[in-house]
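Chemist: Take a look at the following structure, please.
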Amino acid sequence: MKLGRFSYKNNEQYGVLINKTKILSLSVISPYYRRLIPKRLEDMILQNHKTIKKVENMLSGIKKDNEEAVYDLTEIKFLPPITHPPKIVCLGLNYYDHAAEAKAEVPDEPVIFMKPSTTLTGSNQPIVKPKFVKQLDYEGELVIVIGKKGKNIPLEKAEDYIFGYTIMNDVSARDIQFKDKQWTRGKSFDTFAPLGPYITTANQIGNLNNLRIKTWVNGELRQDSSTKNMVFNVFQIVHHLSKVMTLEPCDIIATGTPAGVGTFMKPPKFLQVGDEVKIEIENIGILVNKVVE
Ligand code: MG
């Protein structure tokens, strides 16, 4: 399933994508299927992801006779699929191609930092560039959505703790990031974490070791890589992180960006007001955001 959060006529809901142009509101139909379809996306994530298959089977039977709960994607406004994650953890230097362009050594353990939840915004919503930020940059990233609480998770069990996957743009003010020599301030401005538009449930993501990831700016292809270039794969990330902190349902983990960020282009190409950033990850979807001042 591809699950999304959206507002329709100013009413927040969540739903499942039923084809390329339509979404079925699970919020609207949940009162009729209370035992299987929770009212909130968070509750669906809290349910063990093994119930996902049951929900999928049931949905295939009900799509047709719920016209009033089906919206065209042009009628809705996307919100970030997770609005109040307990944590947003991000990895630095987790692609071999990106470490190479940064002329940085490949880390022997995941290098992590965090972003506040106030950075989150949805697809098609603006990235707000503060006037004093001069070097605004994008980072297309695959995101893990945690489905189950865990600490010291063994590598071979990591899969059980993942609900699904989505896309994040780890927007970065390079001038501030490089001045501070750490990440917090430069990556923590409001709207610096566009997320979504969908969470693809773990059972449908396909080959995690070779998902194509691409980023365009105003239609120009800037990042074109694959998760096969990751230093630590998603299961290793969950395993390592859980040695540090208890992972909780709805935590989101951004797994790092591949080569092609603006700051390492020759000459560097930073985002300007009016630019459109589009990130596509295979089997998830396309996250699009425009820069405003
Ligand atoms: Mg990043």
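Chemist: Can you confirm whether segment 53-74 contains a residue that is under 29 Å from Ala158 (Cα atoms), within 15 Å of the ligand (Cβ to nearest atom), in contact with a helix residue (DSSP H, G or I) (Cβ under 9 Å, 6 or more places away or on another chain) and of a type outside the set (Lys, Arg)?
Modeler: Within segment 53-74, not a single residue is under 29 Å from Ala158 (Cα atoms), within 15 Å of the ligand (Cβ to nearest atom), in contact with a helix residue (DSSP H, G or I) (Cβ under 9 Å, 6 or more places away or on another chain) and of a type outside the set (Lys, Arg).
Chemist: Hey, another quick one. Within segment 92-109, track down each residue that is away from the ligand (no atom under 12 Å from the Cβ) and assigned to a loop (DSSP other than H, G, I, E, B).
Modeler: Listed by number, the residues that qualify are Lys103, Ala104, Glu105, Val106, Pro107, Asp108, Glu109.
Chemist: Right, next: Would you be able to say whether some residue in segment 236-253 is of a type in the set (Gly, Ala, Ser) and closer than 30 Å to Asn19 by Cα?
Modeler: no
Chemist: Looking at (1) open to solvent by less than 50 Å² (accessible area, probe 1.4 Å); (2) in contact with a strand residue (DSSP E or B) (Cβ under 7 Å, 6 or more places away or on another chain); (3) touching a residue at least 60 places away in the same chain (Cβ under 8 Å), can you tell me which one Asp190 breaks?
Modeler: It is condition (1) that Asp190 fails.
Chemist: From the list Thr255, Thr263, which residue is open to solvent by 10 Å² or more (accessible area, probe 1.4 Å) and within 16 Å of the ligand (Cβ to nearest atom)?
Modeler: Criteria check complete, one pass: Thr263.
Chemist: Yes or no: Glu139 among the acidic types (Asp, Glu) and within 14 Å of the ligand (Cβ to nearest atom)?
Modeler: yes
Chemist: Select, from Val55, Val28, the only residue that is farther than 17 Å from Asn203 by Cβ, part of a helix (DSSP H, G or I) and open to solvent by less than 70 Å² (accessible area, probe 1.4 Å).
Modeler: Matching residue, one of Val55, Val28: Val28.
Chemist: While we're looking at this one, here's another question. Give me the pairs: first residue in segment 86-109 and without any contact (Cβ under 8 Å) to a residue 24 or more places away in the chain, second residue within 13 Å of the ligand (Cβ to nearest atom) and open to solvent by 30 Å² or more (accessible area, probe 1.4 Å), beta-carbon distance under 8 Å, and six or more apart or on different chains, which are they?
Modeler: Ala104/Leu93
Chemist: Right, something else. Looking at segment 91-149, which of the residues that are hydroxyl-bearing (Ser, Thr, Tyr) and open to solvent by 10 Å² or more (accessible area, probe 1.4 Å) is farthest from Thr201 (Cα to Cα)?
Modeler: Here the residue is Tyr96.
The values are calculated or read from the model by the stated rules, or taken from the named source; none is laboratory data. These numbers come from a predicted model, not from an experiment. Glycine gets a Cβ as well: all are built from the backbone with ideal geometry, and neighbour counts include every protein chain shown. Areas reflect the complete protein model, heavy atoms only, side chains present, ligands, DNA and RNA absent. Shrake-Rupley method; radii C 1.70, N 1.55, O 1.52, S 1.80 Å.
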